[in-house]
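Note sheet for the following structure.
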Amino acid sequence: MPTRQISNGNVTVWWVTSIATPASPTPAEINAGINLSAAIAWNNFELGSTGSADVDDRSIVDAGNSVSRGFPDFGATLDFFREANMADTASIYQQAFTLFKTPGIYGYLVVRYGQALPTAVAAAGEYVSVYYVQTDVFSDDTEGDDSVKFEVTYLPQGVLFEHTLVKTAVVPISAPTTLSLATNGAIGKLKITVSGKDVTSGATYTVSDPTKAISKGNGIIQRVAAGTGVTVTVSHPAATGSSTAVTLTMP
């Protein structure tokens, strides 16, 4: 099920039409979008990852039970307050309605949880989640004594980066300089940071000699055989400096 967050008042949602690197949007890209936060009702707020779909699309020559993973999946449904004065085009409520009343609009929902007030602009080094979506049809919600709202469902478009970093200024990636793996099969764990923020799960790891060691993702490196001069190159899109190399000690 999509993630349901507990409100503490510090939730910000932007609608952004263009992001060059969704894995690490820049402050300028996010702040060029529309801050929708004040128009969004907490009721029915759903925005988060779900289990990826399985793709069972085989030819008659494929091996039995050959099922592959689909694109990263997520759910996105937002309720927006309606503007009482439809002529008030400057109102964020009317802006949201004008923006999402037509289906088939592509863009990014960028969400920041618990780090700043919704009125604060996006800043370098903050954690955000980025979802690429297409708008579906909207429906009015006029039941009961609640405020009049309209609900928009967003169709996931396969681009999802949860808890990634807003791109920092000129800051290199930080990683240990060495990692010791004493025996074949031994596993070591790297912790990677950018501007003091943990980005281990979102970093990319490339081993110089896969016959000696392999990356299992999320900072985990496993020794295959003894070797010298083997390095792991670590990079992350939020780091504006060059990638860094970790030397593996594997006698």
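The values are calculated or read from the model by the stated rules, or taken from the named source; none is laboratory data. Values in this document were obtained by computation on a predicted structure and should not be read as measured data. Backbone-built Cβ (ideal geometry, glycine too); neighbour counts: all protein chains shown.
For the stretch 39-68, taking the residues that are surrounded by 15 or more Cβ atoms within 10 Å (Cβ to Cβ) and either at pLDDT 85 or above or not assigned by TED's automatic domain parsing to the domain that holds residue 132 (or both), the one that is farthest from residue 92 (Cα to Cα) is identified as 46.
Kindly evaluate residue 91 against the criterion of being at pLDDT below 90 and hydroxyl-bearing (Ser, Thr, Tyr). For residue 91, the condition - at pLDDT below 90 and hydroxyl-bearing (Ser, Thr, Tyr) - is not met.
Number of residues in the stretch 215-246 that are surrounded by fewer than 16 Cβ atoms within 10 Å (Cβ to Cβ), over 12 Å from residue 173 (Cα atoms) and either among the aliphatic types (A, V, I, L, M) or out of contact with any Gly (no Cβ under 8 Å at 6 or more places or on another chain) (or both): the value is 8.
For residue 121, state whether it is part of a strand (DSSP E or B), touching a residue at least 24 places away in the same chain (Cβ under 8 Å), outside the structural domain of residue 237 (by TED's automatic domain parsing) and not polar (S, T, N, Q). Break it down stepwise before answering.
On the way: part of a strand (DSSP E or B): no; touching a residue at least 24 places away in the same chain (Cβ under 8 Å): yes; outside the structural domain of residue 237 (by TED's automatic domain parsing): yes; not polar (S, T, N, Q): yes.
No; evaluated as a whole, the condition is false for this residue.
A quick yes/no check of all residues on (1) at pLDDT below 95; (2) hydrophobic (A, V, I, L, M, F, W, C); (3) touching an Asp or Glu at 6+ places or on another chain (Cβ under 6 Å); (4) not assigned by TED's automatic domain parsing to the domain that holds residue 43:
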position: 101; (1), (2), (3), (4): yes, no, no, no
position: 115; (1), (2), (3), (4): yes, no, yes, no
position: 126; (1), (2), (3), (4): yes, no, no, no
position: 140; (1), (2), (3), (4): yes, no, no, no
position: 145; (1), (2), (3), (4): yes, no, no, no
position: 158; (1), (2), (3), (4): yes, no, no, no
position: 185; (1), (2), (3), (4): no, no, no, yes
position: 197; (1), (2), (3), (4): yes, no, no, yes
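Residue check, residue 124 against (1) more than 18 Å from residue 29 (Cα to Cα); (2) touching a Lys or Arg at 6+ places or on another chain (Cβ under 7 Å), all met but one. Which one? The one condition residue 124 does not meet is (1).
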